[in-house]
Amino acid sequence: MPSLRARALAGEKLIGALLRMPSEELVEMLAVAEFDFVLIDCEHGPADLVALRQHITLAQVHGVPVIVRVGEGDRGQILRVLDQGAEGILAPHLDTAADAAALVDAAMYPPVGNRGFATYSRAGRFGLVAPRDHRDWWLENTLVLGMIESPGGVASVDSIVSTTRLDGIMVGPADLAASSGPDDQPVPEAIAAVHSALARAGSLRMDIVGTRDAASAAFSDGADLVVYNLASSLMAHLRGLATPER
């Protein structure tokens, strides 16, 4: 089956869900429900590598690729999650082109980046994949995504998306709203500016939403990948279940 990156670049519209650990059963439920990918949050969720490895393994048993949202500027975590078989990285807080270049450098093998090379991890089938084949597959198929979450990132969007081998961007609406002041662009206008820059550059766009209708609207508006904020969606559903007519 083609990689998640290959499918996105080929124009497939892909649906996923953002979830935090530990949530093995939710990983499996998303797979059984036939989501295209799972996005595991190690920025705001626990960054326990053993639990993360279990989550990635379980998803792959069902043929579902995993993207991991890593901590800000955490090169070591990027290396470890890719070694464990995650197909993609989502890095928060890209404010400058230098931030984007550092992300690519950490996520990609030489000659594109400087990710440490190993074939004996899960990603290399514990050494059974020939080094050249292993390198070539990950150079071609690692999905590298970043987040723009500040007015500075919005202002630098054109230089950020021009970074070689940065595949796409997700706007972080909550952080963008929190970091925007009265002299900054209104958040909806800032998000629209980022989306326009992505369209001009031919970069992938990932949106985060809370409902099925919002997902459909995001795809119609040009998103390539859409991810549900599962905590928000589940809490809305649970609050509804907790308040029947009595």
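Any idea which residue in the range 68-86 is surrounded by the fewest Cβ atoms within 10 Å (Cβ to Cβ), counting only those that are of a type outside the set (Lys, Arg) and more than 16 Å from Arg115 (Cβ to Cβ)?
Glu72
Could you list, in sequence order, the residues of the range 131-148 that are closer than 19 Å to Ser3 by Cα and among the aliphatic types (A, V, I, L, M)?
Leu139, Leu143, Val144, Leu145 - these are the residues of the range 131-148 that are closer than 19 Å to Ser3 by Cα and among the aliphatic types (A, V, I, L, M).
If you check Ala174 against the conditions, is it open to solvent by 70 Å² or more (accessible area, probe 1.4 Å), among the small types (Gly, Ala, Ser) and either assigned to a helix (DSSP H, G or I) or under 20 Å from Val70 (Cβ atoms) (or both)?
Criteria met by Ala174.
Per-residue answers, yes or no, for (1) among the aromatic types (Phe, Trp, Tyr); (2) open to solvent by 60 Å² or more (accessible area, probe 1.4 Å); (3) in contact with a Gly (Cβ under 7 Å, 6 or more places away or on another chain); (4) modelled with pLDDT of 95 or more:
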| position | (1), (2), (3), (4) |
| --- | --- |
| Trp138 | yes, no, no, yes |
| Leu145 | no, no, yes, yes |
| Val154 | no, no, no, yes |
| Met206 | no, no, yes, yes |
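Has the range 126-134 got at least one residue that is acidic (Asp, Glu), surrounded by fewer than 21 Cβ atoms within 10 Å (Cβ to Cβ) and in contact with a helix residue (DSSP H, G or I) (Cβ under 7 Å, 6 or more places away or on another chain)?
No; the residues of the range 126-134 include none that is acidic (Asp, Glu), surrounded by fewer than 21 Cβ atoms within 10 Å (Cβ to Cβ) and in contact with a helix residue (DSSP H, G or I) (Cβ under 7 Å, 6 or more places away or on another chain).
Applying the selection to the range 61-81, what residues are small (Gly, Ala, Ser) and in contact (Cβ under 8 Å) with a residue 24 or more places away in the chain?
Gly63, Gly71, Gly73
Name the residues in the range 112-133 that are in contact (Cβ under 8 Å) with a residue 24 or more places away in the chain and among the basic types (Lys, Arg), would you?
The answer is Arg115, Arg122.
Residues of the range 105-121 being open to solvent by 50 Å² or more (accessible area, probe 1.4 Å) and more than 18 Å from Asp74 (Cβ to Cβ), which ones?
Once the filter is applied, which keeps residues that are open to solvent by 50 Å² or more (accessible area, probe 1.4 Å) and more than 18 Å from Asp74 (Cβ to Cβ), the range 105-121 yields Pro110, Pro111, Val112, Phe117, Tyr120.
Given the residues Leu52, Leu30, Leu19, which is the only one that is assigned to a strand (DSSP E or B) and either closer than 22 Å to Ala118 by Cα or open to solvent by less than 20 Å² (accessible area, probe 1.4 Å) (or both)?
Leu19
Could you list all residues from the range 187-204 that are farther than 27 Å from Leu19 by Cβ, open to solvent by 60 Å² or more (accessible area, probe 1.4 Å) and either part of a helix (DSSP H, G or I) or modelled with pLDDT under 95 (or both)?
Glu189, Ala199, Arg200
Tally up the residues in the range 208-230 that are surrounded by fewer than 17 Cβ atoms within 10 Å (Cβ to Cβ) and closer than 15 Å to Leu19 by Cβ, please.
Qualifying residue count, the range 208-230: 1.
Restricting attention to the range 161-168, does a residue exist that is under 23 Å from Ala218 (Cα atoms), open to solvent by 10 Å² or more (accessible area, probe 1.4 Å), of a type outside the set (A, V, I, L, M, F, W, C) and within 16 Å of the chain's Cα centre (by Cα)?
Yes, because at least one residue in the range 161-168 is under 23 Å from Ala218 (Cα atoms), open to solvent by 10 Å² or more (accessible area, probe 1.4 Å), of a type outside the set (A, V, I, L, M, F, W, C) and within 16 Å of the chain's Cα centre (by Cα).
The values are calculated or read from the model by the stated rules, or taken from the named source; none is laboratory data. These numbers come from a predicted model, not from an experiment. When we count neighbours, we look across all protein chains shown, and the Cβ atoms used for this are built from the backbone with ideal geometry, even at glycine. Just the protein is used for accessible areas: all its heavy atoms, side chains included, with ligands, DNA and RNA removed. Shrake-Rupley method; radii C 1.70, N 1.55, O 1.52, S 1.80 Å.
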